[in-house]
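Quick notes on the structure that follows.
No lab work stands behind these numbers, since they all come straight from the coordinates. Since this is a predicted model, take the numbers as computed values, not measurements. Note: ideal-geometry Cβ built from the backbone for every residue, glycine included; neighbour counts use all protein chains shown.
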Amino acid sequence: MADAAGGTARASAAREALFQERILEHYRRPRNREPLADAGVTLDWVNPLCGDELSLSLALDGDRVRDLRLHARGCSLSVAAASMLTGLARGRSREELDAIRARFDQLLAGDTTAADDPMLGDLGAFAGVARVPARRRCATLAFEALAEAMARAR
């Protein structure tokens with residue numbers, strides 16, 4: 001019979017493997033990469049520390065995201081985060097996106113409860129990034145570009 005600590009460790013390892021697979025799935029098959037023909041804002045964004053790049057196309061309906069496209073080129077974390085954010089952002093207001101970003105920052109800082117927060121959707125898979133602070137910027141690059149695009153749209 002397995003002890004509680006062994007069961008917890010196995011559950012944690014299984015969860016970590018699921019999270020890694022979710023990130024790899026979005027990296028291998030990123031969603032919403034094509035530019036928008038009717039974008040109100042387009043921009044290119046670069047992480048000068050590692051060279052990750054992304055191109056953003058944003059269309060708003062008032063204060064809400066009608067559509068968001070992000071074509072990321074770089075590491076698995078930046079590509080996967082961009083892919084996940086495109087689906088999560090649709091229909092959201094600036095305030096809702098700010099709340100999602102704040103919760104995501106908590107996750108990346110080590111708040112383990114954030115991984116199961118439905119507000120984050122697939123972004124909960126980035127829980128392991130808290131153990132590697134140097135990779136946080138990779139995970140937040142798409143959020144940084146979206147914040148700049150939203151500011152330009154004002």
**Report entry** Extended-chain gain in nm, criterion 0.36 nm per residue less alpha-carbon gap, Ala9 and Cys50
**Finding:** 11.4 nm
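How high is the FRET efficiency between Ala109 and Asp38 when r is their beta carbon distance and R₀ equals 25 Å, given to the nearest 0.05? It would help to have the intermediate numbers written out before the result.
On the way: r = 37 Å, r/R0 = 1.47.
Efficiency at R0 = 25 Å is approximately 0.10.
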**Report entry** Angle between the chain longest axis and helix 4-28 axis [Cα atoms, degrees, rounded to 10]
**Finding:** 30
Requested in this report: With a point put 7 Å past each Cα toward its Cβ, work out how far Glu21 is from Glu144 in nm, to one decimal.
Outcome: 3.2
Query raised in the report: Can you give the calculated 222 nm mean residue ellipticity of the chain, where each DSSP H run of n ≥ 4 adds -39,500 (n - 2.57) and the sum is split over every residue, rounded to the nearest 500 deg cm²/dmol?
Result: -15500 deg cm²/dmol
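First select every other residue whose beta carbon is under 11 angstrom from the beta carbon of Cys50; then total the charges, Lys and Arg +1, Asp and Glu -1.
Details: positive: Arg135, Arg137; negative: Asp52, Glu53.
Every neighbour counted, the sum reads 0.
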